[in-house]
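Engineer: Below is one structure. I have some questions about it.
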Amino acid sequence: MKHRCRCSMPTVPSTKNSAYNLNIHMKSAHKLLNDRYVKETTKRKMGDTSPGDDVGPKEKQMKLDVFHNGGLVNQEKVDQMILNYIIDKVLPFSTVENKSFKELVLTGKSHSMKVMTRLEDDPNDADEDKYEDDSDELTMLLADTNRDIFLPPHDRCSSHSLCLVLTSDIKVKKLRQSKKGTHKRKQLTAFETEFNDFRVNTLDPVLKKCQDLFNMQSKSSKAADLIHSFLNRYLVVPSATKWNSLYDSVTLLSTLLDDKPEEMTVVMTGLSLEKISSRDHDVLKEYIKITENVADALDVLQGEVYMYQGVFSPTIHKMTQKINGILDLKYCTALKQRILESIEKRFSDYMKDDYLKATLLHPIV
């Protein structure tokens, strides 16, 4: 495209979408006219025209009022709506300071509106006293709303308590220092002495042989390959923080002793470990027979779907009944008695009152 200047009569080329060449021509050939044009255009944009100008000052755009349900929504109305929302939903007052909440409230509203704040010393807040009054009113309303809300008493984790029954509660009892004198010591009861003898001479040696085998698999790849080559699988290594992992480990080991006794003998000999005798295996079977009831109860108490307060008491009661019903014990009678005593001590308070009411009212018990 070409344009002819009426003042200097030259032809100025340009394109349809750009006036760049025309601007260059005006600045170079008609500098005074161009400067005047820029000055007048700037005045019109700023709305600052002189009284003699034909065009009056540019009027500012009118602000649109915000309406809600046919009525004008002002700052006071917005504040009241926010308070109603906070109270109805019993939300913390810090909600009003959340950025997303402010955007939600102020979208489409006038720029002069704002969301109330809970800060007391805000130098930019001209309505500080008003918001303090709103905060006091909200506090009184929430106090009235929550007067029937209280915290329930703290209960110990039942699963953790049940694990303690088979860990700390069945350790060897030691003599404790008497508070009355430095030379006097409390004497162990006859049962405590019997149980200590059972732990030291019967159960602990068997569990140590099992643990030695687990340690060999964990620490040596050659030992692990040897175990897998003869047993066609690896052993389950117990975790130090979970009792039921020990139960799973010794249960699998007992099954392998029953199903593959010759292979187990080769494995123990090849790893230079002390062999697990038939007596040791009998002790292990009785240990499993007693503790499997605790393991089953733990599976229920640690469940995510079926576990309710109404299920707790029946679970503990059924577990105790099953342990009491084990009569054909040759080696682990002391273990059975110690576990029952520990369960009674830790869970006796949970077998009455609210827990029994919950059981009676539970629809699936």
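Engineer: Here are some residues: Asp248, Asp212. Which one is modelled with pLDDT of 90 or more and closer than 16 Å to Ala295 by Cβ?
Structural biologist: Asp248
Engineer: Only one of these conditions is not met by Thr333: (1) under 20 Å from Asn244 (Cα atoms); (2) without any contact (Cβ under 8 Å) to a residue 12 or more places away in the chain. Which number is it?
Structural biologist: The number of the failed condition is (1).
Engineer: If only one of Met81, Met62 is at pLDDT below 75, among the aliphatic types (A, V, I, L, M) and either surrounded by 11 or more Cβ atoms within 10 Å (Cβ to Cβ) or in a loop (DSSP other than H, G, I, E, B) (or both), which one is it?
Structural biologist: Among Met81, Met62, only Met62 is at pLDDT below 75, among the aliphatic types (A, V, I, L, M) and either surrounded by 11 or more Cβ atoms within 10 Å (Cβ to Cβ) or in a loop (DSSP other than H, G, I, E, B) (or both).
Engineer: Turning to a different aspect of this structure: Name every residue in region 91-114 that is assigned to a loop (DSSP other than H, G, I, E, B) and either at pLDDT 75 or above or acidic (Asp, Glu) (or both), in order of residue number.
Structural biologist: Selection gives Leu91, Pro92, Asn98.
Engineer: Kindly list the number of the only condition in (1) of a type outside the set (A, V, I, L, M, F, W, C); (2) closer than 20 Å to Thr359 by Cβ; (3) modelled with pLDDT of 90 or more that fails for His317.
Structural biologist: His317 satisfies all of (1) of a type outside the set (A, V, I, L, M, F, W, C); (2) closer than 20 Å to Thr359 by Cβ; (3) modelled with pLDDT of 90 or more except (3).
Engineer: With in the same structural domain as Arg233 (by TED's automatic domain parsing) and either in contact with a Gly (Cβ under 6 Å, 6 or more places away or on another chain) or assigned to a loop (DSSP other than H, G, I, E, B) (or both) as the only criterion, which of Lys318, Lys330 stands out?
Structural biologist: The conditions single out Lys330.
Engineer: So, in region 275-315, of the ones that are more than 23 Å from Ile170 (Cβ to Cβ) and either of a type in the set (Phe, Trp, Tyr) or outside the structural domain of Thr265 (by TED's automatic domain parsing) (or both), which residue ends up surrounded by the most Cβ atoms within 10 Å (Cβ to Cβ)?
Structural biologist: Tyr308
Engineer: Okay, next question. Which of (1) under 32 Å from the mean Cα position of the chain (by Cα); (2) in contact (Cβ under 8 Å) with a residue 12 or more places away in the chain does Ala240 not meet, given it meets every other one?
Structural biologist: Against the list (1) under 32 Å from the mean Cα position of the chain (by Cα); (2) in contact (Cβ under 8 Å) with a residue 12 or more places away in the chain, Ala240 comes up short only on (2).
Engineer: Name every residue in region 339-355 that is closer than 19 Å to Thr291 by Cα, out of contact with any Lys or Arg (no Cβ under 9 Å at 6 or more places or on another chain) and among the basic types (Lys, Arg), in order of residue number.
Structural biologist: Lys345
Engineer: Cβ-Cβ below 6 Å, separation at least six or inter-chain, first residue in region 245-256 and farther than 13 Å from Val206 by Cα, second among the polar types (S, T, N, Q): which pairs?
Structural biologist: Ser245/Ser239; Tyr247/Thr291
Engineer: How many residues does region 312-328 contain that are among the small types (Gly, Ala, Ser) and in contact with a Ser or Thr (Cβ under 7 Å, 6 or more places away or on another chain)?
Structural biologist: Matching residues across region 312-328 total 1.
Engineer: In addition: Would you point out the residue of region 260-274, among those that are within 23 Å of Lys330 (Cβ to Cβ) and touching a residue at least 12 places away in the same chain (Cβ under 8 Å), that is surrounded by the most Cβ atoms within 10 Å (Cβ to Cβ)?
Structural biologist: Ranking the qualifying residues of region 260-274, first place goes to Met264.
Engineer: I've got another one for you. With the condition kept exactly as written, say whether any residue in region 285-302 is out of contact with any Asp or Glu (no Cβ under 6 Å at 6 or more places or on another chain), within 15 Å of Ser161 (Cβ to Cβ), in contact (Cβ under 8 Å) with a residue 60 or more places away in the chain and not in a helix (DSSP H, G or I).
Structural biologist: Within region 285-302 (the criterion being out of contact with any Asp or Glu (no Cβ under 6 Å at 6 or more places or on another chain), within 15 Å of Ser161 (Cβ to Cβ), in contact (Cβ under 8 Å) with a residue 60 or more places away in the chain and not in a helix (DSSP H, G or I)), the answer is yes, since at least one residue qualifies.
The values are calculated or read from the model by the stated rules, or taken from the named source; none is laboratory data. Bear in mind that the values here come from a model prediction, so they are computed numbers and not experimental data. Neighbour counts are summed over all protein chains in view; Cβ atoms, including those assigned to glycine, are modelled from backbone coordinates with ideal geometry.
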